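Encoded as structure tokens, the structure appears first; notes follow it.
Bear in mind that the values in this text are calculations on the coordinates, not laboratory data. Remember, it's a predicted structure, so these values are computed and weren't measured experimentally. Every residue, glycine as well, gets a Cβ built from its backbone with ideal geometry; the counts of neighbours run over all protein chains shown.
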């Protein structure tokens with residue numbers, strides 16, 4: 001009887017709901033056009049979406065770590081060639097060690113001085129510029 005019931009469930013297997021696939025090149029291309037550019041004139045919602053996506057894709061950090069990032073003066077430090085982000089001191093990472101608590105997220109400037117059209121396209125994807 002068991003084998004019959006197992007076989008019967010195989011006649012109509014459960015459907016698996018998967019997330020749709022996405023193409024990184026399409027997303028990055030969209031971030032270089034309206035409504036995400038020019039960055040000086042976009043609204044806060046689109047700027048937030050752009051910054052969050054660029055930080056997530058360039059850092060490859062856990063979502064909990066990204067949520068713990070702060071823009072407070074001592075936790076978000078801008079340099080000429082990079083931005084250093086630190087998590088809130090009250091944040092407890094998944095792996096709770098001194099090393100993991102003290103990790104900084106260093107985001108280098110990407111194509112700071114574009115000189116031809118392709119470099120200008122890359123410059124629009126600079127997370128430091130978006131921040």
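Going by how many other beta carbons lie within 10 Å of each one, how would you line up 46, 17, fewest first? Before the final figure, lay out each step's value.
Working: 46 15, 17 5.
Lowest count first: 17, 46.
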- Task: Just need the relative contact order of the range 51-90 here, percent rounded to a whole number, with Cα pairs under 8 Å and 6+ apart.
- Result: 32 percent
- Message: Within a 10 angstrom radius of the beta carbon, how do 87, 58 rank from fewest other beta carbons to most?
- Response: 58, 87
- Set the Förster radius R0 to 41 Å, insert the Cβ-Cβ distance between residue 122 and residue 97 as r into 1/(1 + (r/R0)^6), and round the FRET efficiency to 0.05. 0.70
- A chain fully extended from residue 27 to residue 39 at 0.36 nm per residue, minus the present Cα-Cα distance, gains in nm 2.7 nm
- For helix 2-11, report the angle its Cα long axis makes with the longest principal axis of the Cα atoms of the chain; keep it between 0 and 90° and round to the nearest 10°. 50 degrees
- Query: In Å, what Rg and Dmax follow from the Cα atoms of the chain?
  - Reply: 21.2, 73
- Measure nothing but the geometry: give the 0 to 90° angle between the long axis through the Cα atoms of 44-59 and the longest principal axis through the Cα atoms of the chain, rounded to 10°. 70 degrees
- Query: Simple spin-label model, 7 Å along Cα-to-Cβ: residue 17 to residue 84 in nm?
  - Reply: 4.5 nm
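For the chain, what does the relative contact order come out to in percent, with C-alpha contacts under 8 Å and a separation of six or more? If you can, show how the numbers build up before the last one.
Working: 113 pairs, mean separation 27.1, N = 131.
The value is 21 percent.
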